[in-house]
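To keep things clear, I will list the structure first and then write my remarks on it.
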Amino acid sequence: MRWINTKPSRATQIALMLAPFLLLIVAYGVTSAARLADNPADKLLPALQTLIDAINRMAFQPDPRTGEYLLWSDTGASLVRLFSALGISTLIALFFGMVIGMLPYVRALLAPFVATISMVPPLALLPILFIVLGLGETSKITLIVIGVAPAMIRDLALKVLELPREQIIKAETLGGSSWQIALRVVLPQVLPRLITCLRLQLGPAWLFLIAAEAISSDSGLGYRIFLVRRYLSMDIIFPYVLWITLLAVITNFALDRLRIAVFPWSNLEAR
């Protein structure tokens, strides 16, 4: 029997999936207990109960100064920025990805430009954006769009170029115009890839959002993390990092379920 041909059962899959997370929690608990035994005032690795107390304080107790539940208000502010930027990036990527992939003249004009823009480190542009657009929401959303959209455009353009040429020829033979070919042949096959592109850009989008909120903001998950770091409040930082990760995982899962529900045939292609 070869290991490459063996597959775990459903129960074994779940156990294997949970094992790394459980080991990480156990390792943290053991290390934290050891550090606190040497120094009860240690803040680097708070006890698990301390983390739970911090979550309760941030999520379920109103702030004495503002009356807000800080975790939820920060989450709302960050998600509005993130989803606004991802929505704008999706529309830009869909349009330019299709026209660059379909039209040779547009490809010759814009493909090198988009490829060059995608190589610019977006965080290096952050001071410029703050100077030009101010410190408000526009600069934060623009940073995410600049960081995400060029990569999505290139990916979608490549997807269009990978479509079998025979499909285009058949559509032309049947009298389809360029507009009809775009809507009826190219678009249905590009949309599943668009959702996949969006999933792949969730990590970078969160990175750019946290960076922008850390530098100039009065709300948001990134703002809160960098606000409390000066007090070494690891009991708040760790839960916030875990919460950001959970939000990203949920968003990724939701997008994948959306792709399968709307384009079920795309799941067969991925296998």
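Would you say A248 is in a helix (DSSP H, G or I), without any contact (Cβ under 8 Å) to a residue 24 or more places away in the chain and among the small types (G, A, S)?
No: the conditions fail for A248.
Could you give every pair whose Cβ atoms fall below 7 Å, whose first residue belongs to segment 122-134 and is without any contact (Cβ under 8 Å) to a residue 40 or more places away in the chain and farther than 18 Å from A149 by Cα, and whose second residue is assigned to a helix (DSSP H, G or I) and of a type outside the set (G, A, S), counting only separations of at least 6 or pairs across chains?
Taking only residues 6 or more apart or on different chains, the pairs are L133/T142.
Could you pull out every one of the helices (runs of 4 or more DSSP H) wholly within segment 164-229 that has 1 or more residues that are modelled with pLDDT of 90 or more and more than 30 Å from F263 (Cβ to Cβ)?
Filter on segment 164-229 gives 202-215, 221-228.
Under 6 Å by Cβ, and 6 or more places apart or on different chains, what pairs join a residue from segment 3-31 that is within 20 Å of L246 (Cβ to Cβ) with one that is of a type outside the set (A, V, I, L, M) and open to solvent by 100 Å² or more (accessible area, probe 1.4 Å)?
Once the first residue is within 20 Å of L246 (Cβ to Cβ) and sits in segment 3-31, no partner that is of a type outside the set (A, V, I, L, M) and open to solvent by 100 Å² or more (accessible area, probe 1.4 Å) comes close enough.
Considering only residues that are open to solvent by 50 Å² or more (accessible area, probe 1.4 Å) and either touching a His at 6+ places or on another chain (Cβ under 6 Å) or not in a loop (DSSP other than H, G, I, E, B) (or both), which ones fall in segment 36-61?
A37, D38, L48, Q49, T50, I52, D53, I55, N56, R57, F60 - these are the residues of segment 36-61 that are open to solvent by 50 Å² or more (accessible area, probe 1.4 Å) and either touching a His at 6+ places or on another chain (Cβ under 6 Å) or not in a loop (DSSP other than H, G, I, E, B) (or both).
When only residues in segment 131-179 that are open to solvent by 20 Å² or more (accessible area, probe 1.4 Å) and in contact with a Cys (Cβ under 9 Å, 6 or more places away or on another chain) count, which is nearest to L191 (Cα to Cα)?
Out of the qualifying residues, it is K159.
Filter segment 14-29 down to residues that are open to solvent by 70 Å² or more (accessible area, probe 1.4 Å) and under 20 Å from I237 (Cβ atoms) and give me whichever is nearest to the chain's Cα centre (by Cα).
The residue in question is F21.
Run V185 past the list (1) surrounded by 16 or more Cβ atoms within 10 Å (Cβ to Cβ); (2) over 20 Å from the mean Cα position of the chain (by Cα); (3) in contact (Cβ under 8 Å) with a residue 40 or more places away in the chain and report the number of the one that doesn't hold.
Single failed check for V185: (3).
Please work out which one of (1) in a helix (DSSP H, G or I); (2) of a type outside the set (D, E, K, R); (3) within 30 Å of I195 (Cβ to Cβ) is the condition F238 fails and give its number.
All conditions pass for F238, except number (3).
What is the residue count in segment 62-114 for residues that are assigned to a helix (DSSP H, G or I) and either open to solvent by 70 Å² or more (accessible area, probe 1.4 Å) or over 30 Å from F226 (Cα atoms) (or both)?
27
Do you know which of the residues in segment 228-245 that are open to solvent by 80 Å² or more (accessible area, probe 1.4 Å) and hydrophobic (A, V, I, L, M, F, W, C) is nearest to the chain's Cα centre (by Cα)?
Of everything passing the filter in segment 228-245, L242 is nearest to the chain's Cα centre (by Cα).
The values are calculated or read from the model by the stated rules, or taken from the named source; none is laboratory data. Owing to the predicted nature of the structure, the values given are computational and were not obtained by experimental measurement. Quick reminder, even Gly has a Cβ in these numbers, built from the backbone with ideal geometry, and neighbours come from all protein chains shown. The area values use the complete protein model at the heavy-atom level, side chains included, leaving out ligands, DNA and RNA. Shrake-Rupley method; radii C 1.70, N 1.55, O 1.52, S 1.80 Å.
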